[in-house]
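Bear in mind that the values in this text are calculations on the coordinates, not laboratory data. Keep in mind the model is a prediction, meaning the values are calculated, not measured. Cβ placement follows ideal geometry from the backbone for every residue including glycine, while neighbour counts extend to all protein chains displayed.
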Amino acid sequence: MSAAEAGHGTRAIFAALFANLAIAAVKFVGFLITGSSAMLAESVHSVADSGNQALLLVGGRRARRVADEDHPFGYGRERYFWAFVVALVLFTAGGLFSIYEGNHKLHEEGELTRPGVAIGILAFAIAAESFSLRTAILESRPLKGSQTWWTFIRRSKRPELPVVLLEDLGALLGLGFALLGVTLAVITGDPVWDALGTLAIGVLLLVIAVILALEMKGLLIGEGATPESVATIRRALVDGSTVLRVIHLKTLHLGPDELLVAAKIAMPRGLPMAEVAAAIDAAEIRVRTVVPTARAMYLEPDLDRTPDAHPGSVRQ
């Protein structure tokens, strides 16, 4: 992984980490002063997010280990594993705790004390989380391209940025729920609104955790290249003279920045072995020129046995 590739996402992770550490401390002090369950839920949420960013950094570091005999294709999928752990932490420490605390507050008598403090802290947290989200958006835009944000999150092979984007978005929405709950509790004099805000935060975190878990599950099991990349690889393999067509092609992401390409390619009859080897080398160069992540390539030459095949054709 190049320095430029490693840089994508790392700045967003650090921005989110420092923001969440500061926010968690301020929120917890706010909970001690006000007794707001929404403030406590948000404190735990920020602590969980801070741990999640640390896990993403651990995954990125471990993924850079050199391939060895036990893992000949390297450790790139470590990033997927630790992102999956992030989803589990968000589900348990964030979502389930918030729902428990909200339900507990619904059945407990108590009033908010000094709600102005809670509102001020939540306003500060919204500003800090907005900065973190802005950093994640700026880091994501070069990779997102013309895709919608939802498509980018669903199809990205680099887990860090989608995770940070969803976490920051969830944090902002959660802060909005907390602020709404505290405000309504102050206006109506009924602390049940604070509890309902806490429950809303928990449900939100559970939804985000499930989305992340499902996306990381697909990457852990093994996903191929995007349809656009597959089409590009097919076109690059065929030169019309030594490589007549692609008989079949399979791809698999070994990590966010490394793609395995295996293909059987049709070549003319009677081609000398030296020319076959040269044609395969040339095909690999063409593919890596247009899809640099295709670092592991295995091309199997074969004869074109299709009667109606013609040079340059590419069979799906």
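The tail of the calculated P(r) for the chain, taken as Cα-Cα distances beyond 30 Å, holds 46 percent of the pairs.
Taking one quarter of the surface of the C-alpha convex hull of the stretch 178-316 gives a mean projected area of 11.9 nm². Of the residues A136, V203, A274, the one whose Cα sits farthest toward the positive end of the charge dipole of the chain, with +1 on the Cβ of Lys and Arg and -1 on the Cβ of Asp and Glu, is A274. Across the stretch 203-213, computed HN-Hα scalar couplings (Karplus, 6.51 cos²θ - 1.76 cosθ + 1.60, θ = phi - 60°) run 4, 4, 5, 5, 4, 5, 4, 5, 4, 5, 4 Hz from first to last residue, x flagging Gly and Pro. By other beta-carbon atoms within 10 Å, ranking E300, E258 with the fewest at the front produces E300, E258. Expressed in Å, the radius of gyration and Dmax of the Cα atoms of the stretch 58-181 are 19.0, 62. Taking amide H atoms as placed 1.01 Å from N in the peptide plane, the amide H of L254 lies under 5 Å from those of L259, L260, each 5 or more residues away in sequence or on another chain. With the convex hull of the Cα atoms taken as the outline of the stretch 147-210, the averaged projected area works out to 4.6 nm².
The dipole here belongs to the chain: it is taken about the Cα centre, uses +1 on the Cβ of Lys and Arg and -1 on the Cβ of Asp and Glu, and is about 880 debye.
Amide H contacts of M267 (H built 1.01 Å from N, in plane; Pro and chain starts excluded): L244, D302, L303, D304 sit under 5 Å, all sequence-distant by 5 or more or on other chains. Spherically averaged projected area of the convex hull of Cα atoms, the stretch 227-303: 4.5 nm². Of D239, D304, D70, the sequence from fewest to most neighbouring Cβ atoms within 10 angstrom is D70, D239, D304. Charges on Cβ only, +1 for Lys and Arg, -1 for Asp and Glu, centred on the Cα centroid of the chain; of A294, I153, L122, which one is farthest towards the dipole's positive end? Comparing the listed Cα positions along the dipole, A294 ranks first. Backbone phi angles across the stretch 86-99, fed through the Karplus curve with coefficients 6.51, -1.76 and 1.60 (θ = phi - 60°), yield HN-Hα couplings of 4, 4, 5, 5, 4, 5, 7, 6, x, x, 5, 5, 5, 5 Hz in residue order; Gly and Pro are listed as x. Once the chain from L220 to D302 is taken as fully extended at 0.36 nm per residue, the excess over their C-alpha distance is 26.3 nm. The DSSP beta bridges internal to the chain are antiparallel in roughly 55% of cases. Here is the size of the stretch 109-262 from its Cα atoms: Rg then Dmax, 22.8, 81 Å.
Summarising the strand pairing of the stretch 227-303, around 55 percent of its internal DSSP beta bridges are antiparallel.
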